Ligand SMILES: *Cc1c(COP(=O)(O)O)cnc(C)c1O
């Protein structure tokens, strides 16, 4: 057995070996009021698009993320789609986004009628590299009235999406600085970073608008679900209107004043979200405790190192990550194969967006860091239940 595999399996056995095999990458945890709130929906008949849990969930989210308004929607991808429209993205625009992201980010750009324009990430946070972005942008973009266009494609560049990878906040001050200098609105894909803090403030409150996901593999789940966050009251109202078929409020008339979406989060799912949020502090405490155990177990290891939170951040450690010392795709694959065979769900980085058939011809900068990380990153089982007993 390769030494690297022996080392990695040693850590997994020590940290997560007590759990029932196979050990999932991230699984939801139910308890507390989960059942009581869901049962309440069924007992009262309020299971669908109207109900008090949706309102409560939105209030709870706004308070957690310290934003003016949260709008609950069907999933994180829908949240991102509408967030882009709210940021002013129009058909045939280009949207700057990291090549290193989950597929939903690029898909949402296309759902909004636009074209993804990929930029590189930085090694510390895996988020968009603001310095590289600024240099690249000044070489590729030219003024077009009040806005910007791509010199080569001549298309308008209308938004920047930043993503907080595996829960680690991207360098938001620097990225917001780019947004301020250029006037290009920043949209935060905070799908993975619920509970993460950037310089003491929750991610999701820095962009013009942000999205969260409550899919079953995320830190807080509603089965499926998402939310749009914003500090702009008008944008918040528009988000609610657009995601609920754009119907003008009226006692009996059906009048819709624009093409909206049926992106509502059902009350049944919102009920689960309310109880899950009650337990978020406990999830976070145990997830950070698990990370501390991984961090310690990898300390001093030459073959690989633990991805720690950036100095400016407190991460939720949605997924724990190790980075191989050497760029060696075959080694990465042997480690993934060996650990999965031993009952530990480990995963590589997503295939970078510019390698996928539908996005291979999209405009992009050089992507040396993303391409390097793609061959070196392995994600480890990260459920809050692992690594116990917790202090
Ligand atoms: C999970 C995720 C999404 C999409 O969320 P869904 O609820 O699955 O639609 C978007 N972006 C990133 C980075 C994600 O991890």
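The values are calculated or read from the model by the stated rules, or taken from the named source; none is laboratory data. No experiment lies behind these values; they were computed from the predicted model shown. Using ideal geometry, Cβ is built from the backbone for each residue, glycine included, and neighbour counts are taken over all protein chains shown.
Would you say residue 118 is buried (at least 21 other Cβ atoms within 10 Å of the Cβ), on the phi > 0 side of the Ramachandran plot and either more than 16 Å from the ligand (Cβ to nearest atom) or within 18 Å of the chain's Cα centre (by Cα) (or both)? Criteria not met by residue 118.
Can you pull out every residue in the range 53-89 that is surrounded by fewer than 19 Cβ atoms within 10 Å (Cβ to Cβ) and either at pLDDT below 95 or closer than 17 Å to residue 108 by Cβ (or both)? The one that is surrounded by fewer than 19 Cβ atoms within 10 Å (Cβ to Cβ) and either at pLDDT below 95 or closer than 17 Å to residue 108 by Cβ (or both): 88. When residue 333 is tested against (1) outside any helix (DSSP H, G or I); (2) over 26 Å from residue 171 (Cα atoms), just one condition goes unmet, and that condition is (1). Check the range 255-267 and report whether any residue there is surrounded by 11 or more Cβ atoms within 10 Å (Cβ to Cβ), touching a helix residue (DSSP H, G or I) at 6+ places or on another chain (Cβ under 6 Å) and either at positive phi or in a helix (DSSP H, G or I) (or both). Yes: the range 255-267 contains one or more residues that are surrounded by 11 or more Cβ atoms within 10 Å (Cβ to Cβ), touching a helix residue (DSSP H, G or I) at 6+ places or on another chain (Cβ under 6 Å) and either at positive phi or in a helix (DSSP H, G or I) (or both).
Taking the condition closer than 28 Å to residue 216 by Cα and touching a helix residue (DSSP H, G or I) at 6+ places or on another chain (Cβ under 6 Å), does residue 168 pass? Taking the combined requirement at face value, the residue does not satisfy it.
Of all residue pairs spaced 6 or more apart or on separate chains, those with beta-carbon atoms under 7 Å, a first member in the range 1-27 that is under 20 Å from residue 287 (Cα atoms) and a second member that is in a helix (DSSP H, G or I) and at pLDDT below 95 are 23/16. Every listed requirement among (1) within 16 Å of the ligand (Cβ to nearest atom); (2) over 24 Å from residue 75 (Cβ atoms) is met by residue 266 save one, (2).
A single member of 227, 311 is under 20 Å from residue 53 (Cβ atoms) and under 24 Å from the mean Cα position of the chain (by Cα), and it is 227.
Condition first: under 23 Å from residue 217 (Cβ atoms) and out of contact with any strand residue (DSSP E or B) (no Cβ under 6 Å at 6 or more places or on another chain). Now tell me which residues in the range 311-324 satisfy that. The answer is 315, 316, 317, 318.
When residues in the range 57-96 are screened for being outside any helix (DSSP H, G or I) and more than 10 Å from the ligand (Cβ to nearest atom), 17 of them pass. Restricting attention to the range 121-144, and to residues there that are surrounded by 18 or more Cβ atoms within 10 Å (Cβ to Cβ) and in a strand (DSSP E or B), which single residue is farthest from the ligand (Cβ to nearest atom)? Checked the range 121-144; the qualifying residue farthest from the ligand (Cβ to nearest atom) is 141. Among the candidates 99, 108, the residue that is under 30 Å from residue 324 (Cα atoms), within 16 Å of the ligand (Cβ to nearest atom), in contact with a helix residue (DSSP H, G or I) (Cβ under 6 Å, 6 or more places away or on another chain) and at pLDDT 95 or above is uniquely 99.
Screening the candidates 291, 305, 382 for the property of being assigned to a strand (DSSP E or B), modelled with pLDDT of 95 or more and either on the phi < 0 side of the Ramachandran plot or crowded, with 18+ Cβ neighbours inside 10 Å (or both) yields one hit, 305. Residues in the range 208-228 that are farther than 14 Å from residue 193 by Cα and crowded, with 24+ Cβ neighbours inside 10 Å: 209, 222, 225. Residue check: residue 30 meets all listed conditions (1) surrounded by 20 or more Cβ atoms within 10 Å (Cβ to Cβ); (2) modelled with pLDDT of 95 or more; (3) touching a helix residue (DSSP H, G or I) at 6+ places or on another chain (Cβ under 9 Å) but one, namely (1).
Screening residue 230 with (1) touching a residue at least 60 places away in the same chain (Cβ under 8 Å); (2) touching a helix residue (DSSP H, G or I) at 6+ places or on another chain (Cβ under 6 Å); (3) within 16 Å of the ligand (Cβ to nearest atom) gives one miss only, at (3). Among strands (runs of 3 or more DSSP E) entirely within the range 145-219, having at least 1 residues that are away from the ligand (no atom under 16 Å from the Cβ) and in contact with a strand residue (DSSP E or B) (Cβ under 9 Å, 6 or more places away or on another chain) singles out 147-150, 157-163. Filtering the range 341-357 to residues that are without any contact (Cβ under 8 Å) to a residue 60 or more places away in the chain and assigned to a helix (DSSP H, G or I) leaves 341, 355, 357. Does residue 236 satisfy being at negative phi, within 16 Å of the ligand (Cβ to nearest atom) and at pLDDT 95 or above? Judged against the criteria, residue 236 is not a match.
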